[in-house]
Amino acid sequence: MASTHAKVVIIGSGPAGYTAAIYAARAMLEPILIQGIQPGGQLTITTDVENYPGFADVIQGPWLMEQMQKQAAHVGTRLVSAHVMKADLSRRPFRLETDSGDVYLADVLILATGAQARWLDLPSEQKFKGYGVSACATCDGFFYRDKEVVVIGGGNTAVEEALFLTNFASKVTVVHRRDSFRAEKILQNRLAKNAKIKVIWNTVLEKVLGSEDPLKVKAVTLRHVETSALTEKPVSGVFIAIGHTPATELVAGQVKLKPSGYVATAPFSTATSVPGVFAAGDVTDDVYRQAVTAAGQGCMAAIEAEKFLAAHGEAEPAVAAE
């Protein structure tokens, strides 16, 4: 079992993790980035990306993450293909145990473990994921200009996504399994006033229907929860909006979490409740959840990590006494 000590260890390899690595490496902090079980994060399952700055043409999510990975490695990040199974944040250096059996000791830890959209786990939903089934209206709404879409859910996420989609879609139908929304009243009022939105209550998504070659959503089968009656509705897009789950299992009980389950950070900072532990990207961001904001937070975390190490006399590389 090998043990490695590093000034900065970053857990997670989405835009937040790779950006933190780029900034930390350029600050001569020799970061180690542990990629986790899904290298590249959520963008690896996002096909077309149109809103990342700097690209006039549509780019592919996996390609963008490959470029970030190459840049992080190029400037001096050590990339480790492993998954952190256990983290001890009770004292510095923080101790991380990976599934490969290796142990990493970190003077500073940057959490960039991300979040996962919650899915219904229907076979048809998974089949058309990325081909008409999405969990991000701000990412994919543009592709449904003048088309009909459905939004599945009844909380803030669902209502916000439905309202956003009215900027593009000709008609938005919200399908909710209960007879009332859990969303904030102000959002419910905005939804009720929008002529483009219709709500179907006491109903769940039974199946996504579409063409095979190419894969493309054509309709949905809906089931009434009380009568079990099935109805088919023609649509071009299905947005699953039942929330996100932040990947906080590693640090739950060790760092302060928000009521929503995301890692709590100080205002205008990535600092967590544990000195020397910083959080960036979707593991802490329950508001924006965009690649570009995650990258921005990764930058912030690396700069704050460097300042933390400098304040503790640990930032500068050790030099032999003359």
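The values are calculated or read from the model by the stated rules, or taken from the named source; none is laboratory data. Since we're looking at a predicted model, the values are computed, not measured. Cβ placement follows ideal geometry from the backbone for every residue including glycine, while neighbour counts extend to all protein chains displayed. Each accessible area value is taken on the protein alone, full model and side chains, heavy atoms only, with ligands, DNA and RNA left out. Shrake-Rupley method; radii C 1.70, N 1.55, O 1.52, S 1.80 Å.
Where the convex hull is taken over the Cα atoms of segment 137-199, what is its projected area averaged over directions, in nm²?
3.7 nm²
Translational diffusion coefficient, Stokes-Einstein: compute it for the chain using the Kirkwood radius over C-alpha pairs as Rh, at 10 °C and 1.306 mPa s, and state it as an integer in µm² s⁻¹.
My calculation gives 75 µm²/s for D.
From zero up to wherever the largest Cα-Cα distance of segment 1-103 sits, split into 5 Å bins and tell me the percent of pairs in each.
Once binned at 5 Å, the Cα pair distances of segment 1-103 give 2, 13, 21, 21, 19, 12, 6, 4, 2, 0.
Tell me the mean residue ellipticity at 222 nm calculated for the chain from its helices only (DSSP H runs of n ≥ 4, each -39500 (n - 2.57), averaged over every residue, nearest 500).
Rounded to the nearest 500, the figure is -7000 deg cm²/dmol.
Given the options V208, V287, V108, state which has the largest fluctuation in a GNM of the chain using a 10 Å cut-off (strictly under) for Cα springs.
In the Gaussian network model the winner is V287.
For segment 242-257, just list the computed ³J(HN,Hα) in residue order, Karplus coefficients 6.51, -1.76 and 1.60, θ = phi - 60°, integers in Hz, with x standing in for Gly and Pro.
10, x, 10, 10, x, 7, 10, 3, 4, 10, 4, x, 10, 10, 5, 10
Just to confirm my numbers, what's the Cα centroid distance between segment 168-191 and segment 22-59 in Å?
Taking the Cα centre of segment 22-59 as reference, the centre of segment 168-191 is 33 Å away.
Tell me, which longest segment in the chain has none of the chymotrypsin sites (Phe, Trp or Tyr not before Pro) that fall in DSSP loops with at most 16 further Cβ atoms within 10 Å?
132-200
Please compute one quarter of the surface area of the Cα convex hull for segment 72-139 and express it in square nanometres.
So the mean shadow area of the Cα hull is 7.9 nm².
How do D179, D140 stack up against each other in accessible area, from largest to smallest, with a 1.4 angstrom probe?
D179, D140
With Kirkwood's inverse mean 1/r over C-alpha pairs for Rh, give me the Rg to Rh ratio of segment 164-233, two decimals please.
Ratio of gyration radius to Kirkwood radius: 1.02.
Considering amide H positions built from the backbone, and no H for Pro or chain starts, which residues 5 or more places from K258, or on another chain, come under 5 Å of its amide H?
Here the answer is V263, A264, since their amide H atoms fall under 5 Å of that of K258.
Quick one: among T231, T113, T19, which has the greatest mean-square fluctuation in a GNM of the chain with alpha-carbon springs under 10 angstrom?
T231
Taking the chain as a whole, which cysteines find no other cysteine Cβ under 4.7 angstrom from their Cβ?
If one checks each Cβ against the other cysteines of the chain, C299 turn up with nothing under 4.7 Å.
Once all Cα-Cα distances of segment 197-270 are split into 5 Å bins that start at 0, what whole-number percent is in each one?
Histogramming segment 197-270 at 5 Å steps yields 3, 12, 15, 14, 10, 9, 10, 13, 11, 4, 0 percent.
For segment 117-166 and segment 210-261, compute the distance between their C-alpha centroids and round to whole Å.
Comparing the Cα centres of segment 117-166 and segment 210-261, I get a distance of 8 Å.
Using square roots of five times the C-alpha gyration tensor eigenvalues, list the equivalent-ellipsoid semi-axes of segment 192-322 in whole Å, biggest first.
Equivalent ellipsoid semi-axes, largest first: 48, 18, 14 Å.
Restricting to the chain, what percent of DSSP beta bridges are antiparallel, rounded to 5?
Of the beta bridges lying entirely in the chain, close to 45 percent run antiparallel.
With an 8 Å Cα cut-off and a minimum separation of 6 or more residues, compute the relative contact order for the chain in percent.
21 percent
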